[in-house]
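The values are calculated or read from the model by the stated rules, or taken from the named source; none is laboratory data. Keep in mind it's a predicted model, so treat the numbers as computed, not measured. Positions of Cβ are generated from backbone atoms using ideal geometry, with glycine treated the same way; all protein chains shown enter the neighbour counts.
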Amino acid sequence: MSTETSRHAVTGTSRQPAPTPARFHDVLALGTSVAPWSPALLAAIDIAARWSGNVTGCYVPGCLRELRALEDEPTVLSLLSDAGYECLDDANAFQTYAQNHGARYAAWMVTRTAIAPTLRKLGAWHDLAVLERDMVDETRLFDILGEAMLSCRIPCLILPPAWNQPLSFRRIVVAWNGSFESTRALHSALPLLQLASDITLVNGHAREPRPSQLSVAQPDPMIYLMHHGVAAKPRYLDVPTDEAGNALLDRVHHEAADLLVMGGYGHSRIRERVLGGATRHILAHASIPVFMQH
């Protein structure tokens, strides 16, 4: 054994191969218009094209956008309204547009059910969903779009109202507090984080387990990102819980971020899902796209 080989064997410092780039293979968008294509559809095509991935466009008729999951019924109105959007011309036009802009494969469909069950069912086949925050009325933002995001089990990229800009992932802020939700969001966002040139990890207070719970040590997020080829600068957030959402948006503004990555928090009450305070604040007030996962 050579001296160099022996030294590496003893110290464990042998060169490791570069991390394999993460990617989104299948991207879903819930769209609100076809002429022109709505922002979520354009954004999903853009993301899929970055990895030559597949994109599914799903049109949600206007009469179904205000239905909560518990109100979802196949009424005559929902079956007949906007029937023209299911025509073959729209499918062909979407497939042609998406493939001309870099997607490997494109599919088009029209839902006949509410947003939450649509996203849950189609989300099981996709790595990421793209939503428009203003696809629902502001007064029903939390109980419709919030419920959909919390129940679909996949990460969602939520576009702010009237979004009409190209997506950029150059500067990203990641909110992490040691919770399961924030860790899943960080992990799921790796394809976008690997595109960024400036990443800020905002480290808030981790939730302390109850004494009766089994404590398990978890990786350091900075080291985890480094192992995936992502360099981040740490920042710490020490504010009361009810101020966390506003403080996080202040940090986003300070960093001139293009994207915020965070966990989506909620808890169940009697037959309904309730969003946590920080999630509600970010969902209501963010002026940039938010990558969120429950």
Taking A175 as the residue in question, decide whether it is in contact with a strand residue (DSSP E or B) (Cβ under 6 Å, 6 or more places away or on another chain), crowded, with 21+ Cβ neighbours inside 10 Å and not in a helix (DSSP H, G or I).
yes
Residue under evaluation T118, criteria (1) farther than 21 Å from S52 by Cβ; (2) surrounded by fewer than 17 Cβ atoms within 10 Å (Cβ to Cβ); (3) polar (S, T, N, Q); (4) in contact (Cβ under 8 Å) with a residue 12 or more places away in the chain, criterion not met:
(2)
List the residue pairs whose Cβ atoms are under 9 Å apart, where the first residue sits in region 42-63 and is acidic (D, E), the second is surrounded by fewer than 18 Cβ atoms within 10 Å (Cβ to Cβ), and the two are 6 or more positions apart or on different chains.
D46/H101; D46/G102; D46/P166
Please work out which one of (1) at pLDDT 85 or above; (2) touching a Phe, Trp or Tyr at 6+ places or on another chain (Cβ under 7 Å) is the condition T279 fails and give its number.
(1)
Pull out all pairs, ordered by first then second residue, where Cβ-Cβ is under 6 Å, the residues are six or more apart or on different chains, the first lies in region 142-165 and is crowded, with 20+ Cβ neighbours inside 10 Å, and the second is among the polar types (S, T, N, Q).
P155/S188; P155/Q293
Condition set touching a residue at least 24 places away in the same chain (Cβ under 8 Å) and among the acidic types (D, E), scope region 216-253, selection surrounded by the fewest Cβ atoms within 10 Å (Cβ to Cβ): answer is D238
Looking only at region 193-218, how many residues end up being at pLDDT 70 or above and either of a type in the set (F, W, Y) or within 22 Å of the chain's Cα centre (by Cα) (or both)?
12
Of (1) under 21 Å from G229 (Cβ atoms); (2) in contact with a Lys or Arg (Cβ under 7 Å, 6 or more places away or on another chain); (3) crowded, with 17+ Cβ neighbours inside 10 Å, D198 fails just (3)
Keeping to region 112-141, report how many residues are over 27 Å from A22 (Cβ atoms), in contact with a Ser or Thr (Cβ under 9 Å, 6 or more places away or on another chain) and either of a type in the set (S, T, N, Q) or modelled with pLDDT under 90 (or both).
1
How many of the residues making up region 216-233 are in a loop (DSSP other than H, G, I, E, B) and either in contact with a Cys (Cβ under 6 Å, 6 or more places away or on another chain) or closer than 12 Å to G178 by Cβ (or both)?
5
Which of (1) at pLDDT 95 or above; (2) in a helix (DSSP H, G or I) does W108 not meet, given it meets every other one?
(2)
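Could you check, for region 130-139, whether at least one of its residues is part of a loop (DSSP other than H, G, I, E, B), assigned by TED's automatic domain parsing to the domain that holds L41 and farther than 19 Å from A49 by Cβ?
Residues of region 130-139 that are part of a loop (DSSP other than H, G, I, E, B), as a first pass: 136-137.
Filter once more, keeping what is assigned by TED's automatic domain parsing to the domain that holds L41: 136-137.
Next, from what is left, pick out any that are farther than 19 Å from A49 by Cβ: 136-137.
Yes - at least one qualifying residue is present in region 130-139.
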